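Nothing in this text is a laboratory measurement; each read-out follows from the coordinates by a stated rule. Keep in mind the model is a prediction, meaning the values are calculated, not measured. For neighbour counting, all protein chains shown are included, and Cβ atoms are generated from backbone atoms with ideal geometry for every residue, glycine included.
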Amino acid sequence: MDGGIPIGRIRGIPVFLHPTWFVVFFLVTVTLSTSLGREHEDWPAVLRLGLAAGTAILFFASIFLHELGHSIIAMRHHVGVRSITLFIFGGVAVMEKEPPTPRAEFEIAIAGPVVSGLLALGFGWVAGLGGSDAPLGSMLGWLAWINFIIAVFNLLPGFPLDGGRVLRAFLWARSGNFQRATRVAANVGQWIAYGFIGLGVLQLLSGNVVGGMWQAFIGWFLLSASGATVRQAEIEHSLAGLVAKDVMSTDVPRVAAGISVGSFARDLVLRGRRWALVVEADRTSGIVTLSDVKRVPPEEWDTTPVGRVATPIESLVTVTPMQPLRDVLSAIGTKNVNQIPVVDDGKVLGAVTRDILVQAIELRGGLR
Ligand SMILES: [Zn+2]
């Protein structure tokens, strides 16, 4: 959930509105102003709509503060926060890495629900001052209620909810095994997700279409998020202990920089390869792939040297032979490349490709 419309920075953290946010902002505003209309027919429509929109904004401000709570505690534990994004199901603070200790994990996770709980108390207190019948009072009461719900919902003990992180922190502290703790918490998360989907279907059958769909939708979102966490944990588990040189292919195709793109392409296709290292005066100067070749118009194939279209080695992502495969996997994922050269002392020893990684994951996963 990275990206969206940037709306500012706080403590150096970029804050985004995901396009789906507008859907839920619209829904919340319409629902609130409709229910205001039922309770207070005498209020003018403009007042109801303005009040509803203002309340929806405060609702999202509350979610933002919840995420900011996670973020501030994370930074205190030296876990960088890449972004905060508000989207259809609430908010998400993207952390740069996993928390360093179970204690840090617990504090980062609990900070959000604590903020929501305090907001519930605060809104409830202010609402009580004004009396709940006044226009502002009823909306503040709703904000108190919704923040309470946010706190409780997030404390459900299944990953990726905050309560699931709390559970993981406890299991991690007890067993010392982060991966296993993640798997258990994510499995609980899957059951909670199924529960939401089941409840949503029951609501649908009993005639509450919007509420039922919404609940099933949340369940589906939780299911896919916890499923991704389970798979990620399994993959990391299967790669544990392996480093780049354990799996790298040393049979790396090489091509001289002066060779024409045309003869390189024909040779490449004949050998069933998609890329090669470019060698210039006995040193590796870069890497050339099939997509580099495709950028050259066919009529220029025989006059363009491979060296001109290659990516220079300096701007390539490379790994060292002893780098854990987990790093290689995340580098391939984040840079969206198909292969990463393994470089030691400026010398290319081999490469780890996507295919090799997939094989390693399948092999190790299958052996256990
Ligand atoms: Zn949270």
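Name the most mobile residue of Ser71, Ser263, Ser83, meaning the one with the largest mean-square fluctuation, in a Gaussian network model of the chain with Cα contacts below 10 Å.
Among Ser71, Ser263, Ser83, the largest mean-square fluctuation in the Gaussian network model of the chain belongs to Ser263.
Rounded to the nearest 10 degrees, what's the angle between the helix 261-270 long axis and the longest principal axis of the chain, both from Cα atoms, 0 to 90?
Once rounded, one gets 80 degrees.
When only C-alpha pairs under 8 Å and at least 6 residues apart count, what is the relative contact order of segment 244-367, in percent?
RCO, segment 244-367: 30 percent.
Under a 10 Å cutoff between Cα atoms, tell me which one of Thr182, Thr85, Thr320 has the largest fluctuation in the Gaussian network model of the chain.
Fluctuation is largest for Thr320.
Pull out the extension gain between Ala228 and Leu202, defined as 0.36 nm times the separation in residues minus the alpha carbon to alpha carbon distance; nm, one decimal. Could the numbers behind the result be given before it?
Values: separation 26, 0.36 × 26 = 9.36 nm, distance 2.62 nm.
Stretched out fully, the Ala228 to Leu202 stretch lengthens by 6.7 nm.
Can you figure out the FRET efficiency of Thr31 with Leu363, using R₀ = 45 Å and their beta-carbon distance, to the nearest 0.05?
On the way: r = 52 Å, r/R0 = 1.15.
According to the calculation, E is roughly 0.30.
Starting from the Cα of Thr304, step 7 Å along the direction of its Cβ; do the same at Ile57; then give the gap between the two resulting points in nm.
A separation of 5.2 nm, rounded to one decimal place.
Which percent, to the nearest 5, of DSSP beta bridges fully inside segment 208-351 are antiparallel?
On the way: 15 of 19 bridges.
Of all bridge pairs located within segment 208-351, approximately 80 percent are antiparallel.
For Glu96, Glu107, Glu67, what's the fewest-to-most ordering of other Cβ within 10 Å of each Cβ? Before the final figure, lay out each step's value.
Working: Glu96 10, Glu107 19, Glu67 24.
The order, fewest Cβ neighbours first, is Glu96, Glu107, Glu67.
Put one equal scatterer on each alpha carbon of the chain, apply the Debye formula with no solvent term, and list log10 I(q)/I(0) at q = 0.11 1/Å to two decimals.
Taking Cα atoms of the chain as identical point scatterers yields -0.90.
Between Val209 and Val152, what is the label-point separation in nm under the 7 Å Cα-to-beta-carbon projection?
Inter-label distance under the simple model: 2.8 nm.
With both bridge residues required to lie in the chain, what share of the DSSP beta bridges run antiparallel, to the nearest 5%?
Numbers: 28 of 35 bridges.
Looking only at bridges with both residues in the chain, the antiparallel portion is about 80 percent.
When only C-alpha pairs under 8 Å and at least 6 residues apart count, what is the relative contact order of segment 302-365, in percent? Mind dumping the intermediate values first?
Working: 47 pairs, mean separation 15.6, N = 64.
It rounds to 24 percent for segment 302-365.
If I fit a long axis through the Cα atoms of helix 45-76 and take the longest principal axis of the Cα atoms of the chain, what angle between them do I get, 0 to 90°, rounded to 10?
Long axis of 45-76 versus the principal axis of the chain: about 50 degrees.
Could you tell me the distance between the Cα centroids of segment 292-368 and segment 12-87, to the nearest Å?
43 Å
Tell me, Val293, Val201, Val210, Val28 in order of fewest to most beta-carbon neighbours within 10 Å?
On the way: Val293 21, Val201 15, Val210 11, Val28 18.
The most exposed by this proxy come first: Val210, Val201, Val28, Val293.
Work out how much length Thr101 to Leu290 would gain on full extension: take 0.36 nm times their residue separation and subtract the Cα-Cα distance, in nm to one decimal.
Numbers: separation 189, 0.36 × 189 = 68.04 nm, distance 4.39 nm.
Stretched out fully, the Thr101 to Leu290 stretch lengthens by 63.7 nm.
Would you mind calculating the gained length between Ser330 and Gln179 on full extension (0.36 nm times residue separation, minus the Cα-Cα distance), in nm to one decimal? Don't jump to the answer; show the numbers that get you there.
Values: separation 151, 0.36 × 151 = 54.36 nm, distance 1.64 nm.
Here the segment from Ser330 to Gln179 would lengthen by 52.7 nm.
Where does each of His70, His40 land when they are ranked from fewest to most other beta-carbon atoms within 10 angstrom? Provide the component values of the computation, followed by the final result.
On the way: His70 26, His40 15.
Ordered by Cβ neighbours within 10 Å, fewest first: His40, His70.
Normalised by the residues of the chain, what does the relative contact order come to in percent, with Cα pairs under 8 Å and at least six apart? Could you put the intermediate results ahead of the total?
Numbers: 581 pairs, mean separation 36.6, N = 368.
Worked out over the chain, it gives 10 percent.
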